Amino acid sequence: MTAQTGTTPVLADLAVGDVIGTRTIELDRSRLVRYAGASGDFNPIHWNDAYAGSVGLPGVIAHGMLTMGSVIGLVEDWAGDPGAVVDYQARFTRPVPVPNPGTAAVEVTGTIAAIDAEAGTARVDLAVTFDGQKVLGKVQALVRLA
Amino acid sequence: MANPTFAGREYPADSPYSVGREKIREFASAVGAAHPAHHDLVAARGLGYPDLVAPATFAVVVAQRAEAQYIQDPEAAVDFSRVVHAEERFTHHRPIVAGDELVTVLHVDSVTSRGSLSMVTTRCEIFAQGENGGREPVSTVVSTLAIRGEDS
């Protein structure tokens, strides 16, 4: 089930294992440059192929924080309130190479992993893959719901 | 190898970071955060917030600025060209909103090395400064970096 705009999930209606939605995030070089500017992370591995190669990378890779920051939109939109995400963590397990020209398509699926009725929170775990392989690990968002 | 004597170090609050509306919009657009509460004041206020709400990972902008005090210290021996971001965690005590004046206290929680690989974990405690000088806890950002040695 995927929440529609205007509907807000209610804790009592959720069950562990419910899928909150899936999304594809297309990353291209302009997205990386834009994130570099917005975040202040100007590490050249995210925009300079020659530099990325010199430190042993196959080429320019996406900021781990761009991937982490992009996939949480699925949870924010589902919750209907971005401020409902009270805790969010991820491990950066594999880089996402971003070709030039072209795009890297990152797939994300969110699943209810735990419900704490007393605390009024649901934990949403995100499976984040590129090219069929996990690129983030232990991606967990704790969401406060009514 | 990262200097182990930095473990346990605490850096005093840095100069305030003023959270601006356009910065929230810019960051939200960069991560594709389309929820109206990031962009539209009426929508944000409709959800009960005083101003535009920052996306869940926006605090990284504030945290990075504080972490630079440690990472850019040559004595810390954190070679940025060999750094790989390993883990990040945000705990929000309340959402960051436009208009916040944020100060950050940086803690170096651990510095460990195994072989030529070093791991450092920093923790940023981010507070909103009130007009009366009081501080309200806003976010805790824990960041773990891996630093590859010269021979790996």
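Points to keep in mind about this one:
- When we screen A:GLY83, A:GLY17 for residues that are over 12 Å from the mean Cα position of the chain (by Cα), of a type in the set (Gly, Ala, Ser) and crowded, with 17+ Cβ neighbours inside 10 Å, the only hit is A:GLY83.
- Matching residues, segment B:85-131, being at pLDDT below 95 and aliphatic (A, V, I, L, M): B:LEU117
- A:TYR35 being in a helix (DSSP H, G or I) and in contact (Cβ under 8 Å) with a residue 24 or more places away in the chain: yes
- Positions within segment A:57-105 being assigned to a loop (DSSP other than H, G, I, E, B), within 10 Å of chain B (Cβ to nearest Cβ) and in contact with a Phe, Trp or Tyr (Cβ under 8 Å, 6 or more places away or on another chain), in sequence order: A:HIS63, A:ILE72
- Here the helices (runs of 4 or more DSSP H) wholly within segment B:11-103 that include at least 3 residues being more than 9 Å from chain A (Cβ to nearest Cβ), under 21 Å from B:ARG123 (Cβ atoms) and not polar (S, T, N, Q) are B:59-71.
- In the set A:ASP41, A:ASP13, only one residue is of a type in the set (D, E, K, R), within 27 Å of A:ASP125 (Cβ to Cβ) and within 7 Å of chain B (Cβ to nearest Cβ); that residue is A:ASP41.
- Being over 28 Å from B:ASP51 (Cα atoms), hydroxyl-bearing (Ser, Thr, Tyr) and within 9 Å of chain B (Cβ to nearest Cβ) is a property that holds for A:SER54.
The values are calculated or read from the model by the stated rules, or taken from the named source; none is laboratory data. Everything quoted here is computed from the prediction, not taken from an experiment. Don't worry about glycine lacking a Cβ; one is built from the backbone with ideal geometry, like all the others, and counts go over all protein chains shown.
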